[in-house]
Amino acid sequence: MQKNNRTVELTKNLADVFYNLRSVKNIQILGGCTETGITAEKSMTIRAIPELSSIEKRERFIDFGPAVTLSQMIKIGKANMPAVLYDALESIGTEAVRNMATLGGNICSPGIKHTLWAPLLALNAQIEVRNQNETKFIPFSKFSGVPKSFVMTKIRVPFDEWGIEIFRRVGPSRLINPLSAAFVFLVETQKGIVANIRIAFAGSIVFSSQELENKIIGIKLPIARRDIDTLIQETERVYDEKFSLLQAKPILKIQFLNLLRYALEQLM
Ligand SMILES: Cc1cc2nc3c(=O)[nH]c(=O)nc-3n(C[C@H](O)[C@H](O)[C@H](O)COP(=O)(O)OP(=O)(O)OC[C@H]3O[C@@H](n4cnc5c(N)ncnc54)[C@H](O)[C@@H]3O)c2cc1C
């Protein structure tokens, strides 16, 4: 297909994708084009490749192809995926946008981390990438883009038992701008103590801290107000350490700390 002087390749299988990646310098992979559209001289669509557009549920995880649309994900229902992922999907754009927008595009959109970033980070999702010779899984916490010559083939989301699952957004609703960020808080309790916890906040900055999570694991429930105050102070210290040089918007820190306080109060 020819559009002005730009060429869009319609790939039908992974072999085509690998061939294009090898032979065309800087070729762009297109999703639904709701975010960036076509920016490169040469690009390829991957929507017709069945393995990149499928959803497979297993006992302990669910695999989404990167070309799956947000509407297709919503359609499988909240019971078939972690609740925070479903809530995040439902909060994105309009139905028309979600019908076109893909999971791969949401993850790979440049700049500000989009709405699905915080849930995928908190859920310990993994990104499967492949080239002709190799398949590897990259933990979401280490993902900073698809490695050169590789293609994203799967997003694997584990199912874990969470007693408390909170997803919230800050900034404008159903849009992305520099004030947008998403917050996720997951807690598993066992015998009256916090057995596991994940906290993620992602937008123009990405906050997740194992150091902080380790401080909360083992706390006896109900949590005391003074423990919440101490944890908020500790979080603020970690946040300032991480982002002091980045000129992150001060409002984001206030909103994050307020959301974290609200989430911790659910353990009182
Ligand atoms: C009105 C409106 C409201 C919106 N609201 C929200 C919102 O609330 N929250 C939100 O998160 N987003 C929102 N968006 C932004 C956008 O629609 C979504 O983030 C969407 O998921 C992007 O997916 P896409 O497939 O359209 O990406 P595209 O625009 O196709 O691609 C985005 C980038 O990712 C790259 N890319 C796409 N797929 C792949 C792949 N498989 N492998 C490697 N790179 C890839 C592309 O090359 C491009 O650089 C909104 C957009 C509009 C127009």
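The values are calculated or read from the model by the stated rules, or taken from the named source; none is laboratory data. None of the values given here were measured: they were computed from a predicted structure. We place every Cβ from the backbone using ideal geometry, glycine too, and count neighbours over all the protein chains shown. The protein model used for the area step is the full one, side chains on, heavy atoms only, and it has no ligands, DNA or RNA in it. Shrake-Rupley method; radii C 1.70, N 1.55, O 1.52, S 1.80 Å.
Descriptive notes on the structure:
- The lone exception for Arg174 - which of (1) part of a loop (DSSP other than H, G, I, E, B); (2) more than 13 Å from the chain's Cα centre (by Cα); (3) more than 16 Å from the ligand (Cβ to nearest atom) it fails: (3)
- Within the range 172-186, residues that are of a type in the set (Lys, Arg) have Cβ atoms under 6 Å from residues that are modelled with pLDDT of 95 or more in these pairs: Arg174/Gly93, counting only partners at least 6 apart in sequence or on another chain.
- In the set (1) surrounded by 15 or more Cβ atoms within 10 Å (Cβ to Cβ); (2) more than 14 Å from the ligand (Cβ to nearest atom), the condition left unmet by Arg22 is number (1).
- Test: residue in the range 207-225 that is assigned to a helix (DSSP H, G or I) and over 25 Å from the mean Cα position of the chain (by Cα): yes
- Which listed residue is part of a loop (DSSP other than H, G, I, E, B), open to solvent by less than 70 Å² (accessible area, probe 1.4 Å) and more than 10 Å from the ligand (Cβ to nearest atom), from Ala48, Ala40: Ala48
- Some residue of the range 139-150 being touching a Pro at 6+ places or on another chain (Cβ under 8 Å) and not aromatic (Phe, Trp, Tyr): no
- Entry remark, the range 9-37: residues being within 27 Å of the chain's Cα centre (by Cα) and assigned to a strand (DSSP E or B) number 4 in total.
- Here Glu35 qualifies as open to solvent by 90 Å² or more (accessible area, probe 1.4 Å) and within 9 Å of the ligand (Cβ to nearest atom).
- Some residue of the range 180-190 being away from the ligand (no atom under 15 Å from the Cβ), over 20 Å from Leu121 (Cβ atoms) and part of a strand (DSSP E or B): yes
- Counting the residues of the range 146-171 that are open to solvent by less than 70 Å² (accessible area, probe 1.4 Å), over 23 Å from Ile55 (Cα atoms) and under 15 Å from the mean Cα position of the chain (by Cα) gives 2.
- One residue from Ser109, Ser91, Ser149, Ser71 being within 14 Å of the ligand (Cβ to nearest atom), of a type outside the set (Val, Ile, Thr) and under 23 Å from Arg22 (Cβ atoms): Ser149
- Hey, Ile197 crowded, with 20+ Cβ neighbours inside 10 Å and within 25 Å of Glu59 (Cβ to Cβ) or not: yes
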